[in-house]
Each structure stands twice: as C-alpha cells, then as structure tokens.
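Okay, structure first, notes after.
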Amino acid sequence: MVVELQTNVQARYNGQSEPVVNDFTLMVATKNGSGSQTSNEVLIRSLFRMGIPVGAKNLFPSNIKGLPTWYSIRASKDGYVARRAVSEIAVAMNELTAAEDIQNLPPGGVCILPKEWKWGQRREDIVYYEVPVKETVAAAAVPADFRDRISNMVYVGVCAQLFSISLDIIRQALLDTFGGKEKPAMMNFGVVERAYNWAAENLEKVDPFRFEPMNETAGKILISGNEAAALGSLFGGMTVAAWYPITPSTSVIDGVLDYRHLRRDPDTGKETVAIVQAEDELAAVGMIIGAGWAGARALTATSGPGISLMAEFVGLAYFAEIPCVIWDITRTGPSTGLPTRTSQGDLLFLYTLSHGDTRHIVLLPASVGECFEFGWRAFDLADTIQTPVFVMSDLDLGMNIWMSDPFAYPEEPIKPGKVLRQEELEAFISEHGEWYRYKDYDSDGIAYRTLPGTDHPRAAYFTRGTGHNEKAAYSERSEDWVNNLIRLHNKFKTASELIPQPVTDYDASKSIGIITYGSNDPAVEEARDLLAADGLETNYLRIRALPLTQDVIDFVLNHKRVYIVENNFDGQMHQILRMEIPQDNRHMVSLALGDTLPMTAQWIQAQITRLERQPVQEK
Amino acid sequence: MPNALGLERTDYKGAPSTLCPGCGHDSISNQIISMAYDMSLPMHRVIKLSGIGCSSKTPAYFMGRSHAFNAVHGRMPSIATGATTANRDLIAIAVSGDGDTGSIGFGQFKHLVRRNVPMVYIIENNGVYGLTKGQFSATSDEGQRLKYYGLNELPSIDLCLEAIIGGATFVARSFSGDAKQVQTLLKAAVSHRGTAIIDIISPCVTFNNAPDSNKSYPYGKEHEIPLHEYDFIPAGYVQPYEEITADYEEGQTIDVEMHDGSRIRLKKLDKGHDPRSRHQAITILEQAQREQLFLTGLLYYEEPRQVLGETLQLTDTPLTDLPKEKLRPSKDTLDKLMQSFM
Ligand SMILES: Cc1ncc(C[n+]2csc(CCOP(=O)(O)OP(=O)(O)O)c2C)c(N)n1
Ligand code: SF4
Ligand SMILES: [Mg+2]
C-alpha cells in the first residue's frame, strides 16, 4: 500500500521534472522548547558551509515550552533570502500541527514524519518518508536526559541523506553550533549518522529536491540582526546600556553581554560598559538620558510596549537636547499584540514620540550589515545632533540569522559632537565672549554643550524640560518658546543631511517606483526580478532613515506610480510621505501587509501586477 | 570668610527662589548652601537633580555653578543612576517631594536605594502636592481633612521605613525648621558612600490646610483661581508667612505649630538609638507611626556596601573620560570576530 502510493508520486516526477537543486524551502515543525533550535541551526550552517545561499525564518510562539514552532530554511541558488509562503518540504515533528503542515504542502511536496505516529499517507500528490525517530535515538545509546532533545538530530540525518548533505559537512556544522566543543557535538553526531545510515538503507528517494555545493558563501558570515546591533554598539563606543527584557529585543543586550569582553580594560580587567537591568522601561530610558547628559554613549533596546512607556522621557531628551540611542525591535501591536511576530508598526509612533511638537531621527536598517553600521553610527548621530536617535529594526531582522559580508570597520573616528571640555570652553568664551547652552552659534541649529564635571566656573547650566531661553533659563515668554522650536526645526534639517541617505536604483526610462524600508528589502529585490521577468520594470528606493530627504521626494515626484511597500497594517510610511510631500502625491499607492509575518516577494509581485495590469480607475 | 577652596558662602548660592515666602523648601535650600560651603564642595563636580514639584524646583536656588537636571515627575532616580554610572566622580545631590517620591516615583525610589546609587536624596516632605495645588499625597496623615478633597482615609506611607526596607544604607529624618540638625545630617549624607536618604518634613505654607483653616483654599477661592493644575503659584495667592523653626535637644519631644494652626510632634533621637540596627530602626519608626510623631535624626546607617559602579565592576576612570582607544576595539579584533561567524 505504502509502496504503491510512493510509486504514484514517483511516476509524477519521472514524467514531469528535472531535479530541483538549491531552490526550495525546507520547513521543520516542532514544539517550542524541544531543542529543535540546535538541529535547525545545524542544517542552516551545513548549507552555508556547502556554499549555498540560505535564509532562515523562525516562527515561534510566545511560550517557553510546548506550543508549535516552525523553522523554515530557504536555499536559493539565486541568492534570495526573503520568506516564501510555501515550503516544498515539511519535517513534521509536531503531531498537533502535522495535519495542517501536510495540508499546506504543494503538490509534489515532501513530508518527513515519525513512523511511530502511524499516520498513514493520505495525500497522494506528495511524498512521505516515515522515520523511526524513537528507535534511532534508543539505539544510539544517548544518556536518558538528552534523549528528547537529541531526537531532533534524527531529522537532520534523514534530511542529509535524502537531500545530499555530506556527513562531513554536518559534523563541521555541529562543531560550529556547539562553539567547537567536541563532546556534545559528537554525541549529536552519533544520532545524525545513525539516522543517515538508516535512511540510506531504508528510504527510496522519489522526490526531486537536492542540495549541491556552490561557491556563494565563501567569506560570508551568518549572524542575527540583534547580535549585529550589539556588536555595532560596542564598536561605537557605547558605555552605558540600560534595559528591561522584552521580546524580541532582549537578544540585543544578550549580545552586549556576550561581547562586552571586547571592551574590557586589559590593564585592570574592569568594564568600560555599564549594563544595568532596570526595573522597567521608564527607568531604562531615564538611565540612558541621565548617562547621555553626563557624557556617556548610552543605549537601550526595547519593543513597542517599552516605547509606549518611554514616551514622556523621550520628549524631555528631545527638548533638553540630550543624546541617547534607543533600539526598537518591533513586534506586532497594538498592545501586547503578538510578541513573537514581526511588524513595522511603530514607525509613526517613533517619528513623533511624546506629547507636544516633537520629531525624531529614526534609522531603518535593512540588513545585519546595517544593524552593525547603524549600531555605531547612531551614537555619532545622537552626539552630533544632541537628540535621542531611534533605530527601528524588527523581529524578523533582529532574531533570525542572515547571511552577510563581514562587517566593515567604522570608517570614521568617534564623533563626540559639540562638547566643550574645560579648555575648549575657555577658548570658546575668549572667542565669543560668552557661552550659552542653547544658542545657535553655527546656524545649524546645533548648540554647544558642556558636561557635568567640567572644571570651569562657567560650565554649568540648568537642564530642564520646561520652557527655556538660549541661556537655559526658565522662560514663559512666547518669543523664547518659538525661537527655540525654530532652532529645533533647523536642527532637524541639519540632521537630514547627516543621517544615512536612501539607497536608490533609478533609471529615468521607468515609470513605476517602489519605496520600502527595513527588512522588506530582500522581498522587494526579489519581487523586482519577478516583475521584470514578467515585463514590469521598476525603480527602487530604500529609505534608511527619517526625516525624509530631498532624494525621497524627488523619487516620488519622478514616477507615474510609486508603491510604498511596508509591513504594517496602516501604511505608516505612506502616511509620512503624504504628510511630508506637499506636491500632488496621489500616485503613491500603499502596499501595507501587516499580517504578522515577514514580507514575501510573491505578495508584492501579486499586488503590483494586479494594479498595473488592471489599473483602478484614475481619479 | 572663604572656605578651603577660597569661596565665600554667596558663591554657593543659586537664583532667587520663586517659592511662596515661608515655604519650608527654601529653608532646606539654605542649609544645602551652608553645608556645601562648609564642606568646600567643588561645585563643578556636583550635579543637582530633581523631579517635578515645588520641591523639585529648588535646585535652581542653590549652587548656581553646578550642573542641574530637572527631570520628569518621579523619575529623577533613573537620571541619577545613569549620570553617576556614566561619571563616578560626580557628587549627586537630589531633591524630590513626597508626591514625586512617594507616588509617581515610588518604584524608582525603591530600586535606587536597592542599587545603592551613590548620592544624597532629599525628600522635601510636606504631605501634600504643592505644585498642583493641594491634593493629598501618599504621606498625608490618615484622617486628615481637606476642604476640597475631603477626608484622607488611607494610611500614610513612611518613606524612611520604605527606604530601610528597600535596602538603603543611610536613612535620616529631620524638620526644615531645624537648621542645625538638617545641616548635620546633610554633611553626614554627603560623606556617605551610597544612597543617603533624608526625609525632611517641610511645611507647605499654602496648602497644608486644616479643616477649619480659612487661610488657603478659601483664600484661593476668593481669588477665583480655578482648581486645576498650575505649575506655578500665582502671586497674591499666598499670604506671607514666617518660616517655622524648631530648636530642641536630643531625646526631647516638641510640638510645632504649622501655618494652618495644626500641630506636628517631633522627637529627636538620642544616644539610646543605635542607627546600625535595622531592626531597631524599623521598630521605633513603626511605634512612632502609632504615636503620630516624627522621629528625627539618623535612623539607620549601614557600613559601606558596594555602590552601583562597583557592582558593575566599572573602570576607575569615569566612563565619560575614557580615551577613544578604549571605546572602540581595533580593526584586527573585528576581523577576527568576523572569522568566528564564517
Ligand atoms: C506625569 C506627570 N503627571 C502629573 C504632573 C503634575 N504634577 C506636577 S508636580 C505634582 C505633585 C508634586 O508634589 P510633590 O512631589 O509632593 O512636590 P511639592 O510641590 O509638594 O513640593 C504633580 C502631580 C506632572 N508634572 N507630570
Ligand atoms: S505651594 Fe507649598 S510647597 Fe509649593 S512653594 Fe508654596 S509653600 Fe512651598
Ligand atoms: Mg509635596
């Protein structure tokens, strides 16, 4: 019976198709907390070692143990790393979701599942491989404590055999995953090898999917966005990090803890980075504002609910002009929302966070490389512009591992901004005959500050969130208030020249433009190729920071139609563009997904194709 | 007479106060000035921190040559934590109110003392929200009645008890009119390595109303000041009062009459109290609460425990003074690190 069904499918493939090489997605369904993270990492590292471009998406629940989790690994010979909605191969290790996982397979798909479930093989248009998971582990003589977790290695071995990953590569990947520790690596390898051999002897391969070595990952690294952010911050001279745990931002600070030894003072063994776990986000942001005021490079990392709590304090830092860096690793909101699902839903909130007339700088990294770069650059910007700088990453970029070129060493030295230490203050006063904290001496909106502790009788000033004049004195005069806001406005203009500029691919002959930001970039790049293959050529602009720059406005105005692709429900960047572009902007079309999952190229392609091919009535 | 730094007392002054004449908070500012002058505090190293409230305005009124940070309501402790962590050489002197510390900032207060952030933390406790015009605070007496807000049926929070329970290493109470004691305690507090909490009873001349008082609310009503929040006290709203003072001996109990005719009872701790005993401190504070009197003096003191910067194992050089090469690892370090991710 079983053999018969398999023969059916085999017949389909035999009649139909070539082998599918390095161009499919393998999805592993397990239970949260079952230890599958390790086995999945081994798989992705193996492909990476084989030189195959890979992308990983971990779809996990807000739960410590037991709820379903899906990990998909995309191999792409063309180098695409965005999420695909469809997986050709399902490793169904969670009995609770298996029915759905199997249902979701496309015709011709592959399902690997434990033999002991005795599920049978109901779909005739897919391939089943049933694997004796328990038996294999039992035979491997693994200590009882490890058996459950290590059972995940069975699917690693089976996949390796079925889809052609060599055992040697797996062994290397295990060593990578266990940080070079032989003992656990080899214990796991024992199970992998056993499963591999079992599959070689017992399974007849009838599906077309195969990995083949390539040479596309040499010299590249695999890293998560949050780890990259931590490293960037450490290379950016961060001296204070205060935080309150929240998914998906926690691993930013975990990264700082993991690598702060890079900054440990070699002479004394003491720390140059203070890491304070605060009692809440109100305190976390207060600490970095206090530290930034005193002259530290201070950072916090949080997510939406934390940002909501920080709103009042951030307004103070904006108005009193105190540098600090706030990473928002966004998740799905409003409210607690879906803590383990991705979104770009905080954009508008960050842009004008706090009451009154406020505007903020928001950096929008799209890759792990930019997480590193913006990690150090954010401090230079905060110090230079004397204001809080937000960096908005998201769960997808922050928590998943991504391929990247090695990070480039910061090309610019640390920029402390306009800080007058003792001698500089003396020189300043002898040149200007005065120094006032909020006076615009350089006509760029940015004033000079002094730090507490500066040994000069005129260094002190009064920092306040209340109305103040350029001498930092309390003032209720409306002229003082307005002049101050005008200067802050000018400062913001200066900022727009200093922030990361958009990345553009523009050709005047094309009339369709796509604008996006952040982690949608890989999906947009892929969608453009799909569209082009279908005859729809597009230009592309990726916004890397707010405030908007003239380039963005020009790009919008230079097209017949511009699609704003983003991963929130309300089309928040679209709203900002409409607000900031005074000219006719009705040709902007919002493509806002916001379905809690990372963006896919297929969705973008489908939307643009639909709208371009059957245009809605022009207004 | 110049102090050890060659400075006069006037050098330690700040801008003229804009508080109501006779406000207890002004007496405290004066004592801070005297203490700083007497102790020859280097003003460039002092940071003055506060939240929001009449009390929190006072850093403007002393030590004009020191950097100051008037933060948001109740959240000064986190500013203090950040600033002193960034620069361990700073001498932090903070002023807060009973609303600022006992309500909106209660959590930050408790966590500050738990971390033993090195600083002087003064609470100017008037049992009322001064700046928003006379609401009950969490330290208002149980059973107190206000014309507009009615009867306070909730027990009052004793901020000294809270500090001791929270792990504070220096806890004292005083009365703003007792210049000598306030000064002594301030000097001890500045010398303390760790968080030093001083809760100073500081009468609000304007809003500390007794039920039959005809001096404040009714007065305000007459002047048709609407009862919503003001961040200033309008001129003419306040009758000039004399500052209330109290001079009494150790072990002595005295009654002090407030501006509104109500009385508070103060008892000065004597040598019988061992401030190193946490247990004793808690016991006598609870007893004083039952007897409705305020114990003044040094209530609790702990041998220096590690301060936050030590807990964090920070460099001796303040983080804000680290040379650039200590702020950014080398290119070689990055390249090696990148290898480990390949
Ligand atoms: C977030 C926030 N909520 C409310 C206020 C209004 N507010 C200003 S001062 C104050 C109470 C101050 O009381 P206290 O700390 O006892 O100081 P006092 O004026 O009595 O010295 C309040 C509620 C504010 N400034 N910020
Ligand atoms: S209202 Fe009360 S606390 Fe405020 S300044 Fe006047 S007397 Fe002082
Ligand atoms: Mg008060």
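The values are calculated or read from the model by the stated rules, or taken from the named source; none is laboratory data. Remember, predicted model here, so these are calculated numbers, not experimental data. A quick note on method: Cβ atoms are made from the backbone with ideal geometry, for glycine too, and the neighbour counts reach across all protein chains shown.
Overview of results
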{"item": "Qualifying helices (runs of 4 or more DSSP H) (wholly inside the stretch A:163-240; at least 3 residues being within 12 Å of chain B (Cβ to nearest Cβ) and buried (at least 24 other Cβ atoms within 10 Å of the Cβ))", "result": "A:225-235"}
{"item": "Residue among B:Phe62, B:Phe69 that alone is in contact with a strand residue (DSSP E or B) (Cβ under 8 Å, 6 or more places away or on another chain), more than 10 Å from chain A (Cβ to nearest Cβ), modelled with pLDDT of 95 or more and away from ligand 3 (no atom under 16 Å from the Cβ)", "result": "B:Phe62"}
{"item": "Where B:Pro2 falls short, out of the listed (1) more than 14 Å from chain A (Cβ to nearest Cβ); (2) in contact (Cβ under 8 Å) with a residue 24 or more places away in the chain", "result": "(2)"}
{"item": "B:Gln135, sole failed condition from (1) over 25 Å from B:Gln31 (Cα atoms); (2) within 14 Å of chain A (Cβ to nearest Cβ)", "result": "(2)"}
{"item": "Filter result (of a type outside the set (Lys, Arg), within 7 Å of chain A (Cβ to nearest Cβ) and within 16 Å of A:Arg297 (Cα to Cα)) within the stretch B:307-342", "result": "B:Leu314, B:Thr315, B:Leu319, B:Thr320, B:Leu322, B:Leu327, B:Pro329"}
{"item": "Selection status of B:Ala86, within 13 Å of chain A (Cβ to nearest Cβ) and in contact with a Pro (Cβ under 8 Å, 6 or more places away or on another chain)", "result": "yes"}
{"item": "Lone unmet requirement of (1) facing chain B (nearest Cβ under 7 Å); (2) in contact with an Asp or Glu (Cβ under 8 Å, 6 or more places away or on another chain); (3) surrounded by 22 or more Cβ atoms within 10 Å (Cβ to Cβ) for A:Thr272", "result": "(3)"}
{"item": "From the options B:Gly261, B:Gly297, B:Gly272, residue that is modelled with pLDDT under 85 and at positive phi", "result": "B:Gly261"}
{"item": "Tabulated pairs, the stretch B:233-257, first farther than 30 Å from B:Thr18 by Cβ and β-branched (Val, Ile, Thr), second in a loop (DSSP other than H, G, I, E, B) and modelled with pLDDT of 60 or more, C-beta under 6 angstrom, 6+ apart or interchain", "result": "B:Ile254/B:Tyr248"}
{"item": "Identity of the residue in the stretch B:124-151, among the polar types (S, T, N, Q) and in contact (Cβ under 8 Å) with a residue 60 or more places away in the chain, that ends up nearest to ligand 3 (Cβ to nearest atom)", "result": "B:Asn126"}
{"item": "Within the stretch B:239-330, strands (runs of 3 or more DSSP E) holding 3 or more residues that are among the hydroxyl-bearing types (Ser, Thr, Tyr)", "result": "B:294-301"}
{"item": "Restricting the stretch B:94-120 to residues that are under 20 Å from A:Phe462 (Cα atoms) and within 14 Å of chain A (Cβ to nearest Cβ), the residue that is nearest to ligand 1 (Cβ to nearest atom)", "result": "B:Asp100"}
{"item": "Odd one out for B:Ser174 among (1) away from ligand 2 (no atom under 16 Å from the Cβ); (2) of a type in the set (Gly, Ala, Ser); (3) surrounded by fewer than 24 Cβ atoms within 10 Å (Cβ to Cβ)", "result": "(3)"}
{"item": "Filter result for the condition that a residue is among the polar types (S, T, N, Q) and modelled with pLDDT under 95, over A:Gln575, A:Gln602, A:Gln614", "result": "A:Gln614"}
{"item": "Filter result for the condition that a residue is over 24 Å from A:Val552 (Cβ atoms), part of a strand (DSSP E or B) and not assigned by TED's automatic domain parsing to the domain that holds A:Val314, over A:Thr516, A:Thr463", "result": "A:Thr463"}
{"item": "Filter result (at the interface with chain B (Cβ under 7 Å from one of its Cβ atoms) and in contact (Cβ under 8 Å) with a residue 12 or more places away in the chain) within the stretch A:281-310", "result": "A:Leu282, A:Ala283, A:Gly286, A:Met287, A:Ile288, A:Ile289, A:Ala291, A:Trp293, A:Ala294, A:Gly295, A:Ala296, A:Ala298"}
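So that you can scan it fast, the table gives a plain yes or no per residue for (1) buried (at least 17 other Cβ atoms within 10 Å of the Cβ); (2) under 37 Å from the mean Cα position of the chain (by Cα):
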| position | (1), (2) |
| --- | --- |
| A:Gly453 | yes, no |
| A:Pro457 | no, no |
| A:Thr463 | yes, yes |
| A:Arg477 | no, no |
| A:Glu497 | no, yes |
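For (1) away from ligand 2 (no atom under 15 Å from the Cβ); (2) without any contact (Cβ under 8 Å) to a residue 40 or more places away in the chain; (3) of a type in the set (S, T, N, Q), each residue gets a yes or a no:
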residue: B:Ile33; (1), (2), (3): yes, yes, no
residue: B:Tyr37; (1), (2), (3): yes, yes, no
residue: B:Gly51; (1), (2), (3): no, no, no
residue: B:Thr58; (1), (2), (3): no, no, yes
residue: B:Met63; (1), (2), (3): yes, no, no
residue: B:Leu90; (1), (2), (3): yes, no, no
residue: B:Val95; (1), (2), (3): no, no, no
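Residue-wise test of (1) part of a helix (DSSP H, G or I); (2) within 16 Å of A:Gly232 (Cα to Cα); (3) of a type in the set (A, V, I, L, M).
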residue	(1), (2), (3)
A:Glu373	yes, yes, no
A:Trp376	yes, yes, no
A:Asp380	yes, yes, no
A:Val391	no, yes, yes
A:Gly417	no, no, no
A:Ser430	yes, no, no
A:Arg437	no, no, no
A:Tyr441	no, no, no
